[in-house]
Structure formats: C-alpha cells, structure tokens
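Q: The following block contains the structure, expressed as structure tokens.
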Amino acid sequence: MDHEPLGAATMTGTTGAPGAPEPILPGTEIPSWTMSSVDPARMRTMAAILRDPYPVHWDRDANAAIGIPGRVVNQGPLNLGYIVNMLMAWAGPASVRRLTVRFHRPVLDGDHVVAGGRVVAVDEVDGERRATCEVWLRRIDPHGDPHDDETDGETVVEGSAVVAIAEPPRSYPG
C-alpha cells in the first residue's frame with residue numbers, strides 16, 4: 001500500500017451551510033452521535049443473537065455480586081456500534097475501512113453515551129482518500145452541562161478508525 005499525505009479532503013453538507021463543501025483536515029471534529037439512554041431490552045436481544053449466556057447482560061439481580069446491583073452491562077459490540085454509527089453518519093455507510101478500540105469501562109443500562117471523533121491525518125491509499133481518526137465513546141452525566149457533551153464525561157471506549165472520505169471538488173479551467 002502506498003500512503004501519500006494529502007492536504008484536505010472534502011465532505012458535503014456535514015457541517016456549516018447546507019451543500020457547502022468543507023475541507024477535512026487534521027483536527028476536523030466528526031459530528032457526535034448520541035444514545036440518550038442505553039436500552040436493556042436491546043442488550044437482552046443482543047445476548048440472544050450472540051448466544052451469549054453471560055448473565056451480566058440480562059440478570060440485574062445476579063449483577064449485585066459484581067458490584068452493580070439493579071443494572072445490566074451493555075455488550076461490547078453494541079458500544080462499538082455507536083462509534084460505527086457516528087462514522088457512517090459522517091462519511092457514509094460503506095466508509096469504515098478499519099476500527100481498533102480499547103474498552104475501558106462498562107456501559108450500563110440507562111447510560112447516556114456520546115460517540116465522537118477527530119481527524120488526525122488525511123492520506124491517499126490505493127487511490128482512495130482516507131481519514132485516520134481518533135474515536136471515542138463517552139458516558140455523559142445527564143445532570144451535567146447539556147452543551148458540553150464532546151468534552152465532558154468518562155471515556156468508556158477509545159481507539160482509532162480509518163474512513164474513506166469523499167473526493168475533493170475538482171477545479172476545471174474555465
């Protein structure tokens with residue numbers, strides 16, 4: 001694979017004026033994606049789909065023994081899905097090329113979580129423009145400052161992603 005650093009890539013309509021292309025540069029913030037309340041019914045469904053018999057995902061009473069009475073733990077793939085949703089909402093449904101994360105803390109039912117990210121590099125790989133991004137999922141205190149979602153909260157998942165991004169607009173001599 002040939003990696004050639006590029007100046008800026010462009011997304012249309014992600015932020016700013018509708019339809020106005022904005023450069024994607026290192027430091028560009030990815031619009032956040034919010035799950036205002038993690039649903040325990042989805043956890044139970046995911047446990048069934050994954051054939052995950054671990055009661056931490058569905059048995060509130062059993063979780064008292066591990067220090068979280070009355071709560072259940074969200075599956076890692078669901079937490080990862082929140083980050084993927086954020087990336088796809090920003091760059092499109094077929095854009096994610098690689099995602100590597102570390103899980104730091106469990107996400108519990110009822111938690112308010114926000115996925116976010118920031119571009120750290122823009123390159124061309126095999127003829128495709130790609131953004132390398134740092135990404136995270138943060139648990140937000142619902143009683144905190146509602147306008148401070150991107151900087152407030154406890155990071156529960158963090159990592160990096162490589163995302164295919166739109167070609168920049170072409171200039172034609174005229």
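The values are calculated or read from the model by the stated rules, or taken from the named source; none is laboratory data. Bear in mind that the values here come from a model prediction, so they are computed numbers and not experimental data. Cβ coordinates were reconstructed from backbone atoms using ideal geometry, including for glycine residues, and neighbour counts include every protein chain displayed.
Q: Which condition breaks for Gly13 when tested against (1) at pLDDT 80 or above; (2) out of contact with any helix residue (DSSP H, G or I) (no Cβ under 9 Å at 6 or more places or on another chain)?
A: So Gly13 meets the others, but not (1).
Q: Within the set of pairs 6 or more residues apart or between chains, which connect a residue that is free of Cβ contacts under 8 Å to residues at least 12 places away in the same chain inside segment 76-93 to a residue that is of a type in the set (Gly, Ala, Ser) with Cβ atoms less than 9 Å apart?
A: Matching pairs, first to second residue: Met88/Ala94; Met88/Ser95.
Q: Which number in (1) surrounded by 14 or more Cβ atoms within 10 Å (Cβ to Cβ); (2) free of Cβ contacts under 8 Å to residues at least 60 places away in the same chain marks the one condition that Ala64 misses?
A: Against the list (1) surrounded by 14 or more Cβ atoms within 10 Å (Cβ to Cβ); (2) free of Cβ contacts under 8 Å to residues at least 60 places away in the same chain, Ala64 comes up short only on (1).
Q: Just checking, which of Gly67, Gly7, Gly27 is on the phi > 0 side of the Ramachandran plot and either modelled with pLDDT under 85 or over 18 Å from the mean Cα position of the chain (by Cα) (or both)? Working first, answer last.
A: Values: Gly7 fails: on the phi > 0 side of the Ramachandran plot; Gly27 fails: either modelled with pLDDT under 85 or over 18 Å from the mean Cα position of the chain (by Cα) (or both).
The unique qualifying residue is Gly67.
Q: Quick check on segment 96-110: of everything there that is modelled with pLDDT of 95 or more and charged (D, E, K, R), which residue is surrounded by the most Cβ atoms within 10 Å (Cβ to Cβ)?
A: Ranking the qualifying residues of segment 96-110, first place goes to Arg97.
Q: Still on this structure: Residues in segment 36-57: is at least one under 15 Å from the mean Cα position of the chain (by Cα), assigned to a helix (DSSP H, G or I) and touching a residue at least 40 places away in the same chain (Cβ under 8 Å)?
A: no
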